[in-house]
Amino acid sequence: MLDAGGLDAVIIAVPDEMHYPIAMAALDAGLHVLAEKPMAMDVAQAQAMLAKAKAAKVKHMVCFTWRWWPPIRLMKHLLDEGQVGRPYFAQFAYVDGYARTPGYQWKWDRAHGLGVLGDLGSHMIDLARLTLGEISAVSAHIANHVARPHPSGDPYEPAGDTALLTLQFKSGAQASINISAVASAEERRMVIAGQAGGLDVNFGWGSPFVLRSIRDGEGAMQTQAVPEQYVQGIDSEADPYQRFLQVMARRDAGSHLFIESIIADVPIVPSFYDGVRVQAVIDAAFESNSRSCWVEVK
């Protein structure tokens, strides 16, 4: 397909181990690239993808979809406006149950995928960077709770279906990330506390578009609806998955933003640079788990 020509861009939505070779081939062909998360299998691959994309002078993007969820966009705006002052600590949780059923899948095989760290953790690491800045060190514990024998019967290295991360930020802030694919109930939540107040967002697909906030001196969290500019074109009563598609269909989100950036020749965020930064934290988390210690994010 690449050799046949006639293409402008490639969207990569395949198993983790295939991101790097497909991206490099597309970039060799001078094509714009939108890659699913995690960007690659390790930071060395991700850095090579970024370097080649910059050399080819094409648009490059990683699909960290939760950046565009309306309550998270509002949270980012309020943080930028100084709602909580200097952030002290944060909690990020993304737990689901889609991997509770036993059975081999490439996602849980370290040779082919990055497990829950790549699947759910990449989103939470990206949101942690988005809201609190660059991460300087990580301590991680990765677990495998569900047995998934390989069809061949051969042993393999499991990638992890649950992980707990503690993060240290360059700003001095701290955070925890709790991710699991084997929970009995779904939860997606961000809590940020700082010198002047706090913010709390539940961002599950079926959750209302609201944000809870508190300032110093207030007795309790206040609930506020997300302003119209963040929810225009989204039916709040629609099926949760349809709402998700409506969010991604906005001109300032998802693949539409990718296409618009190509047409207008403007930079994209999140780009391969953001993918590299997230990949560095994932690499450090795997190292931390194997060594049982804090690891610097390089």
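The values are calculated or read from the model by the stated rules, or taken from the named source; none is laboratory data. Since the model is a prediction, treat every value here as computed from it, not as a measurement. When we count neighbours, we look across all protein chains shown, and the Cβ atoms used for this are built from the backbone with ideal geometry, even at glycine.
Observations, loosely collected:
- Considering the range 6-37, the residues that are among the acidic types (Asp, Glu) and not in a helix (DSSP H, G or I) include one that is surrounded by the most Cβ atoms within 10 Å (Cβ to Cβ), namely 36.
- In the set 51, 55, only one residue is more than 22 Å from the chain's Cα centre (by Cα), part of a helix (DSSP H, G or I), surrounded by fewer than 15 Cβ atoms within 10 Å (Cβ to Cβ) and hydrophobic (A, V, I, L, M, F, W, C); that residue is 55.
- Scope the range 234-246; condition under 15 Å from residue 73 (Cβ atoms), in a helix (DSSP H, G or I) and touching a residue at least 24 places away in the same chain (Cβ under 8 Å); matching residues: 243, 244
- Listed by first and then second residue, the pairs with beta-carbon distance under 8 Å, at least 6 apart or on different chains, first residue in the range 3-22 and closer than 26 Å to residue 112 by Cα, second of a type in the set (S, T, N, Q) and crowded, with 17+ Cβ neighbours inside 10 Å, are 19/45; 20/45.
- Long-range neighbours under 6 Å by Cβ, at least six apart or interchain, first residue closer than 19 Å to residue 56 by Cα within the range 247-264, second buried (at least 16 other Cβ atoms within 10 Å of the Cβ) and of a type outside the set (Gly, Ala, Ser): 258/34; 258/61; 261/59; 261/268; 262/32; 262/59
For every residue, the table says whether it meets (1) aromatic (Phe, Trp, Tyr); (2) farther than 30 Å from residue 233 by Cβ; (3) over 19 Å from the mean Cα position of the chain (by Cα); (4) not in a strand (DSSP E or B).
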site	(1), (2), (3), (4)
172	no, yes, yes, yes
175	no, yes, no, no
178	no, yes, no, no
189	no, no, no, no
199	no, no, yes, no
204	no, no, no, yes
211	no, no, yes, no
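- Close pairs (7 angstrom Cβ cut-off, 6 or more residues apart or separate chains): farther than 18 Å from residue 176 by Cβ and assigned to a helix (DSSP H, G or I) in the range 270-298, modelled with pLDDT under 95 and not acidic (Asp, Glu) anywhere: 280/298
- Selection count, the range 143-158, where residues are assigned to a loop (DSSP other than H, G, I, E, B), within 23 Å of the chain's Cα centre (by Cα) and surrounded by 16 or more Cβ atoms within 10 Å (Cβ to Cβ): 1
- Candidate set: the range 252-298, residues that are within 30 Å of residue 229 (Cα to Cα) and among the polar types (S, T, N, Q); chosen: the one surrounded by the fewest Cβ atoms within 10 Å (Cβ to Cβ): 255
- Looking across the range 103-142, the residues that are within 17 Å of the chain's Cα centre (by Cα) and over 17 Å from residue 174 (Cα atoms) come down to 107, 113, 114, 115, 116, 117, 118, 119, 120, 122, 123.
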